[in-house]
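The values are calculated or read from the model by the stated rules, or taken from the named source; none is laboratory data. The model shown is predicted, which means the values in this text are computed figures rather than measured ones. Here the Cβ positions follow ideal geometry from the backbone for every residue, glycine too, while neighbour counts run over all protein chains shown.
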Amino acid sequence: MAGPPNAAIVELASAIGDDAAREIVRIFLDDFPDSVANLAKGDHEEQLRISHGLKSSALHMGAAALSARMAEVERRLSLGGGALSPDDIAAASADFEAVAPSLRLYAGG
């Protein structure tokens, strides 16, 4: 199996062990598609909750671009007048796909 793909995963694995870190990475990889789909169709409060969760999860996975994108989405949504666009969803998915291969390799699949 591959070693941790970035510093965030190295830190996670050192804190909780490699097997547990791999499991958390697998959960992130499995949950992201549903989360982003729910982000696209959720009401304003749901979008705010999901964008906050994805921001934090992405940061823990070392997906800095995805985390920054979700932080910006969360910021816009929290202003009350901000809205989510299809471009936001497409960009978040692209950011995810940029880091997913190395995370999948680490997670063992």
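So how many residues does the range 12-23 have that are in a helix (DSSP H, G or I) and surrounded by fewer than 19 Cβ atoms within 10 Å (Cβ to Cβ)?
The qualifying residues number 7.
Only one of 107, 13, 8 is touching a Gly at 6+ places or on another chain (Cβ under 6 Å) and either touching a residue at least 60 places away in the same chain (Cβ under 8 Å) or not charged (D, E, K, R) (or both). Can you tell me which?
Among 107, 13, 8, only 8 is touching a Gly at 6+ places or on another chain (Cβ under 6 Å) and either touching a residue at least 60 places away in the same chain (Cβ under 8 Å) or not charged (D, E, K, R) (or both).
Using the structure shown, decide if residue 18 is within 15 Å of the chain's Cα centre (by Cα) and under 21 Å from residue 105 (Cα atoms).
no
Per-residue answers, yes or no, for (1) without any contact (Cβ under 8 Å) to a residue 24 or more places away in the chain; (2) among the small types (Gly, Ala, Ser):
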| residue | (1), (2) |
| --- | --- |
| 1 | no, no |
| 20 | yes, yes |
| 30 | yes, no |
| 42 | yes, yes |
| 63 | no, yes |
| 79 | yes, no |
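This table checks each residue for (1) within 18 Å of residue 101 (Cα to Cα); (2) of a type in the set (D, E, K, R); (3) surrounded by 19 or more Cβ atoms within 10 Å (Cβ to Cβ).
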| position | (1), (2), (3) |
| --- | --- |
| 4 | yes, no, yes |
| 10 | yes, no, no |
| 25 | yes, no, yes |
| 40 | no, no, no |
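Among the numbered criteria (1) without any contact (Cβ under 8 Å) to a residue 40 or more places away in the chain; (2) of a type outside the set (Gly, Ala, Ser); (3) within 20 Å of residue 94 (Cβ to Cβ), which single criterion is violated by residue 36?
Of everything listed in (1) without any contact (Cβ under 8 Å) to a residue 40 or more places away in the chain; (2) of a type outside the set (Gly, Ala, Ser); (3) within 20 Å of residue 94 (Cβ to Cβ), residue 36 misses just condition (1).
From (1) modelled with pLDDT of 95 or more; (2) among the hydroxyl-bearing types (Ser, Thr, Tyr); (3) exposed (fewer than 13 other Cβ atoms within 10 Å of the Cβ), pick out the condition that doesn't hold for residue 78.
Here residue 78 meets the rest and fails (1).
Looking for whichever is in contact with a Ser or Thr (Cβ under 6 Å, 6 or more places away or on another chain), within 16 Å of residue 12 (Cβ to Cβ) and not basic (Lys, Arg) here; the options are 107, 58. Which one fits?
58
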